[in-house]
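Below is one structure, written out as structure tokens; the observations come after it.
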Amino acid sequence: MGQWKQKTLTRKNWMAFTGLFLCFFLVIHLLGNLQLMLPDEKAHLQFNAYSHLLSGNIIIKIISWVLYASIIAHVIYAVIITLTNKRSREVKYHYDKRGEVSKWYTRNMGLLGTIIFIFLVIHFRDFWYVYKFGSLPLDEQGHKDLYKLVVAVYSETWYVLVYVLCMVALCYHLLHGFFSAARTLGVYHPRYVQWIRVFGWIYSVGICAGFAWIPVYVHFLK
Amino acid sequence: MHIRMKIWRQESGQDTGKMLDYELADVNPDMSFLEMLDMLNEQLLEQGQRAIEFDHDCREGICGQCGMMINGRAHGPLKNTTTCQLHMRSFRDGDTIYIEPFRATAFPVKCDLKIDRSAFDRVIQAGGYISVNTGQAPEANSIPIGHPVAEAAFDAAACIGCGACVAVCKNSSAVLFTSAKVTHLVLLPQGEVEAQERVRHMVDQMDAEGFGHCSNTEACEAECPQQISVLHIARMNWEYNKAQLLKK
Amino acid sequence: MLESKIPDGPLEDKWRHYKEHAKLVNPANRKKLEVIVVGTGLAGSAIAASLGEMGYRVKSFCFQDTPRRAHSVAAQGGVNACKNYKNDGDNIFRMFYDTIKGGDFRSREANVYRLAECSANLIDQAVAQGVPFGREYGGYLNNRSFGGVQVSRTFYARGQTGQQLLLGAYQALMRQVHLGTVQLFARHEMLDLVTIDGKAKGVIVRNLDTGEIERHGAHAVILATGGFGKIYFLSTLAMGCNGSAIWRAHKKGALLANPSWTQIHPTSLPQSGEYQSKLTLMSESLRNDGRIWVPKKAQEDRLPNQVPEEERDYYLERRYPAFGNLSPRDIASRAAKERIDAGFGVGPLKNAVYLDFSKAIKDQGIHKIREKYGNLFRMYEKITGVDAYKEPMKISPAAHFSMGGLWVDYELMTTIPGLFALGEANFADHGANRLGANSLLQACVDGYFIAPYTLANYLADEIKTPATDIQHPAFAEAAKKVEEQLHLLKAIGGKLSADYFHRTLGKILYDKCGLSRSKEGLETAIREIKALRQQFYRDLNIPGGYAINSELEKAGRVADYLELGELMCHDALTREESCGAHFRVEFQTPEGEAMRNDKDFAFISAWEWAGENQPPVWHKEPLTFEFVTPTVRSYK
């Protein structure tokens, strides 16, 4: 893998592209999930109908393939980049206080990413896999009853806790990732850099607060 | 002041080194850090031991030759300061100071704290210049360059090539160094002509030397003695992406 | 023996005339010709890059780990050029006159005129290379004024002009290395010059990383190794600056001219203790807005801000009302020393004078001062821990620039055919005192615009000479001598470090061959240096091996300094007048101003090595002034 001819900057570009696509996906995902917050009856049918719609539409299908590809590429590039970086300093410092001049989460994107990856595996197993390949009962409109599944899963306290903690990890990952992607792609004008910083901050906190709020809400109120 | 030190000693590039303990009494707080090392070397010499080798030359913060990790920080505890401009008043009586060379695969250790930074020369050789021969220059004022542009170009050109950016980077990336030269030259009309070729070649060489990727942690800017801005990195990325897209 | 080869004709036509008639080397022949360039500062990088561009085969050597570290990098203030962009009456002749007057009429008219003539071209060259000079808001180049002249002709890149010019030259050099015309040898120190049949044919260098002794042959050798002001130990120079290359060339037959003329820079930071390794220079540009003073009361103990205005002695403004704080460096340094010696010095060691910005801050506002000198004030605070916006700076004179150096003719060739000396390594253009912002200029002009022509003129006759054979007995002998010297130094096995001897020598020279000199002092100094040299060969201690060993490097340089220092004293002793930086206490006016003696001393002293422990042989090159009349240099 070390003999990969791609340039460091090109690899970082792919990280940025896939990462930004995932950022975009998170917005759509969150908007869809917000339907869970509707009054119980309405939420039940609408959420299931929405899930059905997503699984049938060809455009959505294509996007979902891009999504899978993005996740896989983001992970593979992350591994390649990390391995190359390891080789760029073979002897470590004996006494290392370099952390004093940068933020911890900017240095630990790999760790945060790993947490998010593990979360994704659980997340996919619990919902995506069950929806696609498992046998779910149908609701009154004849759609697979994902809503019931969600409410059931979120009734587990430990699960909600894990979920919320993972959202905190995601938040920090996004906080640096969004801004870093913009820099990798070459936004160098100080004014726009500032805007992106502010926007990235609002985006990261907004998305993660939204995602974290839903299981908490469902857990306590449904 | 009484100072204890743990210093990296390594006979040669082939040798494996280790941290050794040293002690120095009567250190004057107004001494520069390197003068303190001079004093330690005098003491070692009296004992017939080999002096500690370290890089240094101008001792006024401009030649870029000095540089070591002091207490785990590139150029020591002060931000934006070269090792030679660091003074003992930044330490306390009785402190133990850890001194190591800048580390990166592209900067092999030659002896003790001395490292080989010729990788930087090769990055410049790959394109960090304007291809103008002696005696061809037109009248200097024939190309007006706005004051802010000239100042911005200077900010980038101020790099002293010390390598602290690489040393502090968790990935030993040289993008701050490379991008400073790319930005300096692309900002000026006379340097824009070769902008695309330049950035491609310099990035290629930077990679070939074995420097890592940039993770945008911005630690480099915090330690850079010339406060070279990380925005130059964004500028280089922009120029590089443009060059790749427009490549014939 | 000393044939300066100055072309005939009117002053302004000499250089043009030379260029029109100099011999050329055809492009096909250039690649057969090899040139060695030692040093990669402005002069060295510039000539190596220029020769590479023309198609010669060039080998470039420096002792630093990369060419970009050469000490040209540290020049702060600027570079002079008579572009007359400010429309304040500048022109080539005026610049020539300022420089020759600044040098106290102890330099060649033709050389100085050529320097001024080529200056404008240098700015064009540097701008084309991407040097980011300071500009006005309209986009045109800006100028500042500098000590010793009444026009604004100094171009600058903030306080880092030397760095920016050097990076321009370095990048040009790197381009040639990339193209394969220049071979780069960093961490290589020249230890001897090899001459065959009287011509310079190569060098012996030591690889400082491996310790290997290498031989390199060429058709011509260029020394651009800078000045030897570091001989004073405490100086504004880098720790590695040395006089070894020129000294060893001198011992191979090249004459050394006016070695005692060392500029002592007035605005350096004072020494603060015995441990100190160097004196940091604060840019002379500070004198544009700072006022220099000492208390009127000797041994004043009050803090500077507590000394009321009427008890301050602005001695430069008092003694030199026309130029005031902008008096030339030699004048300003000597005046400071006079006050310090008289007991009016300030600071813990009473060895400094104040440089005060309070008036400028009051008149122009603190933001303006910050904009102009912010980086210098920051640097001052870093080193001293004092905020100069609130309290005056303390400054003191420090050894800075060697006006003397290898004797060269109009073609920059030394007395050894094929050996050229460029930049600070030669003696050519500054006379007995260098004006501010002329050193960058001279180094660049020598490297970019003069040597490329004069070298071709020499090499044109060498086309038929085959490549130099490094197996020639002359190489073997030189290499053997170099190795023997290294073994000798290592074998002494004494107790004292090279730095000890260097420090002691520096003190002798500061006291007796520094800002002021006397017959008695110089004679004592010669005796002391001789004794110190003997002690050096008895008590020196160099642990470690032959590979990377900075103590061994230092010892070699100090060994040369111990000989060069003696020659400096000889030179100062024999010049029985005061001129420029050379001030003999026996030759001064009742007011304490320098008394030049044009009748007996309008010449350049060029010294020939006569062998170990032999008195040097004195040669004189008379200076004739056809176009200007030497006057008493008054800045009053």
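Tabulated results
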{"quantity": "Mean separation of Cα contacts under 8 Å, 6 or more apart, over the residue count of region B:124-207: relative contact order %", "calculated": "44"}
{"quantity": "Spatially proximal lysines relative to A:LYS7 (Cα-Cα < 24 Å; intrachain offsets below 8 disregarded)", "calculated": "A:LYS86, B:LYS170, B:LYS181, B:LYS242, B:LYS247, B:LYS248"}
{"quantity": "Among A:LEU185, A:LEU34, A:LEU138, residue whose mean-square fluctuation peaks in a GNM of chain A (springs only between Cα atoms under 10 Å)", "calculated": "A:LEU138"}
{"quantity": "Taking chain B and dividing mean pair separation by its residue count, relative contact order in percent (alpha carbons under 8 Å, at least six apart)", "calculated": "20"}
{"quantity": "Chain A - Rg (one decimal) and Dmax (whole number), Cα, Å", "calculated": "19.7, 65"}
{"quantity": "Alpha carbon centroid spacing (whole Å) that separates region A:28-82 from region B:44-89", "calculated": "55"}
{"quantity": "Gyration tensor over alpha-carbon atoms, the protein assembly as shown, equivalent ellipsoid semi-axes in Å", "calculated": "61, 31, 29"}
{"quantity": "For chain C, calculated [θ]222 nm from helices alone, where every DSSP H run of n ≥ 4 adds -39500 (n - 2.57)", "calculated": "-11000 deg cm²/dmol"}
{"quantity": "At R0 = 35 Å, FRET efficiency that the Cβ-Cβ distance of B:GLN14 and C:LYS481 yields, to 0.05", "calculated": "0.70"}
{"quantity": "Lone cysteines, chain A (no partner Cβ under 4.7 Å)", "calculated": "A:CYS23, A:CYS166"}
{"quantity": "Ranking by accessible area, most exposed first, for C:ILE196, C:ILE222, A:ILE202 with a 1.4 Å probe", "calculated": "A:ILE202, C:ILE196, C:ILE222"}
{"quantity": "Top positive-direction residue, dipole computed over the protein assembly as shown with Cβ charges, set C:TYR275, A:VAL168, B:ILE160", "calculated": "A:VAL168"}
{"quantity": "Peptides ranked, highest mean first, by Cβ atoms within 10 Å: ranges C:530-542, C:506-518", "calculated": "C:506-518, C:530-542"}
{"quantity": "Top positive-direction residue, dipole computed over chain B with Cβ charges, set B:GLN196, B:PRO101, B:LEU78", "calculated": "B:GLN196"}
{"quantity": "√(5λ) per eigenvalue of the Cα gyration tensor, chain C, largest first, Å", "calculated": "37, 29, 24"}
{"quantity": "222 nm mean residue ellipticity, helices alone, for chain A (DSSP H n ≥ 4; -39,500 (n - 2.57); rounded to 500)", "calculated": "-25500 deg cm²/dmol"}
{"quantity": "Accessible-area value, C:LYS350, 1.4 Å probe, nucleic acids and ligands omitted, Å²", "calculated": "60"}
{"quantity": "Considering only chain C, percent of DSSP beta bridges that pair antiparallel, nearest 5", "calculated": "70"}
{"quantity": "For C:44-53, mean number of other protein chain Cβ atoms within 10 Å", "calculated": "2"}
{"quantity": "Rounded FRET efficiency, nearest 0.05, which uses the C-beta distance separating C:ALA610 from B:LEU246 and R0 of 56 Å", "calculated": "0.25"}
{"quantity": "Estimated FRET transfer efficiency (A:TYR192, A:PHE24; beta-carbon r; R0 22 Å; 0.05)", "calculated": "0.70"}
{"quantity": "Relative contact order [Cα under 8 Å, 6+ residues apart], chain A, whole percent", "calculated": "32"}
{"quantity": "Quarter of the Cα convex hull surface for region C:269-399, i.e. its orientation-mean projected area (nm²)", "calculated": "7.8"}
{"quantity": "Contact surface B-A: accessible area buried, both sides summed, square angstrom, 1.4 angstrom probe", "calculated": "3700"}
{"quantity": "Student exercise, region C:352-416 dipole from Lys, Arg, Asp, Glu Cβ charges, in Debye to nearest 20", "calculated": "460"}
{"quantity": "Debye, to nearest 20: dipole size of the protein assembly as shown, +1 on Lys, Arg Cβ, -1 on Asp, Glu Cβ", "calculated": "2280"}
{"quantity": "Lys pairs under 17 Å by Cα in region C:474-597, provided they are eight or more residues apart or on distinct chains", "calculated": "7"}
{"quantity": "Listed residues C:ILE361, B:ILE70 arranged by accessible area, highest first, probe 1.4 Å", "calculated": "C:ILE361, B:ILE70"}
{"quantity": "Folded to 0 to 90 degrees: helix C:519-539 orientation relative to chain C principal axis, Cα", "calculated": "50"}
{"quantity": "Of C:ASN541, C:LEU179, C:ILE463, farthest towards positive along the dipole that unit charges on Lys, Arg, Asp, Glu beta carbons give chain C", "calculated": "C:LEU179"}
{"quantity": "Spatially proximal lysines relative to B:LYS18 (Cα-Cα < 20 Å; intrachain offsets below 8 disregarded)", "calculated": "A:LYS92, A:LYS97, B:LYS6, B:LYS110, B:LYS114"}
{"quantity": "Rg to Rh, two decimals, where region A:172-215 supplies the alpha carbon set and Rh follows Kirkwood", "calculated": "1.08"}
{"quantity": "19 Å Cα-Cα reach of C:LYS362 towards lysines, excluding residues that sit fewer than 8 places from it in its own chain", "calculated": "C:LYS372, C:LYS390"}
{"quantity": "Three principal axis lengths of region B:3-111 [C-alpha, angstrom, descending]", "calculated": "37, 34, 23"}
{"quantity": "Of all DSSP beta bridges in region B:3-111, antiparallel share, percent nearest 5", "calculated": "75"}
{"quantity": "Electrostatic dipole magnitude of region C:177-232 [Cβ: Lys, Arg +1; Asp, Glu -1; Cα centre; debye, to 20]", "calculated": "140"}
{"quantity": "Coarse-grained scattering of region C:474-597 at q = 0.10, 0.11 Å⁻¹, given as base-10 log I(q)/I(0) from a Debye sum over alpha-carbon atoms", "calculated": "-0.41, -0.48"}
{"quantity": "Number of partner chain Cβ atoms within 10 Å, mean per residue of B:87-93", "calculated": "1"}
{"quantity": "Distance from region C:213-241 to region A:138-161 (C-alpha centre basis), Å", "calculated": "81"}
{"quantity": "Heavy atoms of C:ARG94: accessible area, 1.4 Å probe, square angstrom to 10", "calculated": "120"}
{"quantity": "Cα centroid separation, region C:47-79 to region B:102-116 (Å)", "calculated": "24"}
{"quantity": "Beta bridge orientation in the protein assembly as shown: antiparallel %, DSSP, nearest 5", "calculated": "70"}
{"quantity": "Between helix A:157-185 and chain A: long-axis angle, C-alpha atoms, 0 to 90°, nearest 10", "calculated": "50"}
{"quantity": "Heavy atoms of C:VAL37 accessible to a 1.4 Å probe, total area in Å² rounded to 10", "calculated": "0"}
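The values are calculated or read from the model by the stated rules, or taken from the named source; none is laboratory data. The model shown is predicted, which means the values in this text are computed figures rather than measured ones. So basically every Cβ, Gly included, is an ideal-geometry build from the backbone, and we count neighbours across all protein chains shown. The accessibility values were calculated without ligands, DNA or RNA, using every heavy atom of the protein model including side chains. Shrake-Rupley method; radii C 1.70, N 1.55, O 1.52, S 1.80 Å.
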